[in-house]
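I have placed the structure first, in the form of structure tokens, so that the comments after it can refer back to it.
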Amino acid sequence: MDLENQKRVKDLTEKYGAENMVVLIGGAEAESAGLAAETVTAGDPTFAGPLAGVPLGLKVYHAVEPEFKEAVDADVYDEQIGMMEMVLEVDEIVSEVKGMRDEHTKY
């Protein structure tokens with residue numbers, strides 16, 4: 001997650017409260033999705049950005065996770081994300097993001 005997005009997440013969390021935040025990520029690789037999930041839950045593991053040492057504990061989901069897929073209109077999901085499901089390693093991505101969420105989410 002780039003430094004600008006880290007700042008946005010931090011600012012919005014301060015404004016609205018961590019209990020009111022949900023972060024939706026869409027990284028195409030399990031490793032990058034897991035890193036983004038770790039950043040918004042446990043803090044920036046690279047210690048380079050605004051979330052370095054800041055464990056926000058936010059709820060975080062990837063766009064291909066069943067929880068998100070079930071929460072949105074099926075036609076819109078298919079139109080916007082459906083094709084990507086065929087080329088992404090969905091199980092690996094879900095495992096990475098869910099692991100971070102289960103370990104670090106506070107809300």
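Taken together, the values in this text are just the output of simple stated rules run on the coordinates, not laboratory data. What you are looking at is a predicted structure, and each value in this text was computed from that prediction instead of being measured. No Cβ is skipped: glycine too gets one built from the backbone with ideal geometry, and neighbour counts run over all protein chains shown.
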Specify which labelled value, from (1) 1.33; (2) 1.13; (3) 1.05, agrees with Cα Rg over 2.2 N^0.38 Å derived from the coordinates of the model shown. (3)
Sorted by chain and number, the residues with a modelled amide H under 5 Å from that of Val54, at a separation of 5 or more or across chains, are Asp44
Working from the pairwise distances between different alpha carbons, so that the mean of 1/r is found and then inverted, what is segment 47-86's Kirkwood radius in Å? 12.3 Å
For segment 42-83, which chymotrypsin sites (Phe, Trp or Tyr not before Pro) pass both filters: DSSP loop (anything but H, G, I, E, B) and at most 13 other C-beta atoms within 10 Å? Phe47
Links exceeding 19 Å between C-alpha atoms in this model, out of Lys15/Lys69; Lys10/Lys98; Lys69/Lys98; Lys10/Lys59, come to Lys15/Lys69; Lys10/Lys98
